[in-house]
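To keep things clear, I will list the structure first and then write my remarks on it.
The values are calculated or read from the model by the stated rules, or taken from the named source; none is laboratory data. These numbers were taken from a predicted model, which means no experiment stands behind them. Note: ideal-geometry Cβ built from the backbone for every residue, glycine included; neighbour counts use all protein chains shown.
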Amino acid sequence: MKEEIRWVRIFDDQSELENFAALGVINSIIVEGKKICIVHTSRGFFAIQDKCPHNGASMSFGYCNDESNSIVCPLHRYHFSLETGRALSGIADAARTYPIKSDEEGVYIGFKEIVWSWKFWE
């Protein structure tokens, strides 16, 4: 068993991402049935689950804290790191984060998947 990242293209190029996600603004997209927040901070672009792990509120209605590089849930004001998903305040579980990468063919979001190998001798 090993973990791999499956990349899904979400934008045709970097400029399309930059037009979609203005600095300091939370935007949401649906990728393969998952609602995901795309956040642009001074540290780059980040993707994090939209549903708050504490009480289920839509974090796309919250706000971005550039100083701590976090997203803040609109319901209880819990802060979640955009890099790790860990709660920086409150008693919530971690939120799922997704890597973003871009190349000459587009901008991609990564989904971690477990891949099983039936070859026991590896």
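Quick look at the values:
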item: Whichever residue in region 73-111 is touching a Phe, Trp or Tyr at 6+ places or on another chain (Cβ under 8 Å) and basic (K, R) and, among such residues, is farthest from I48 (Cα to Cα); result: K101
item: Residue, farthest from I109 (Cα to Cα), within region 1-42, restricted to residues that are surrounded by 14 or more Cβ atoms within 10 Å (Cβ to Cβ) and among the hydroxyl-bearing types (S, T, Y); result: T41
item: Filter result for Q14 (polar (S, T, N, Q) and over 26 Å from A87 (Cα atoms)); result: yes
item: Residue pairs meeting the criteria (Cβ under 8 Å; at least 6 apart or on separate chains; first within 18 Å of P99 (Cβ to Cβ), in region 6-21; second in a helix (DSSP H, G or I) and of a type outside the set (F, W, Y)); result: I10/L17; F11/L17
item: Of residues in region 70-79 being among the hydrophobic types (A, V, I, L, M, F, W, C) and within 15 Å of V25 (Cα to Cα), the one surrounded by the most Cβ atoms within 10 Å (Cβ to Cβ); result: I71
item: Cross-chain or 6+ apart pairs with Cβ under 7 Å, region 49-69 first and buried (at least 16 other Cβ atoms within 10 Å of the Cβ), then of a type in the set (D, E) and modelled with pLDDT under 95; result: P53/D93
item: Unique residue being under 15 Å from the mean Cα position of the chain (by Cα), more than 26 Å from E3 (Cα to Cα) and at pLDDT 95 or above when the list is I100, I26, I36, I109; result: I26
item: Filter result for L82 (in contact (Cβ under 8 Å) with a residue 24 or more places away in the chain, buried (at least 16 other Cβ atoms within 10 Å of the Cβ) and within 11 Å of the chain's Cα centre (by Cα)); result: yes
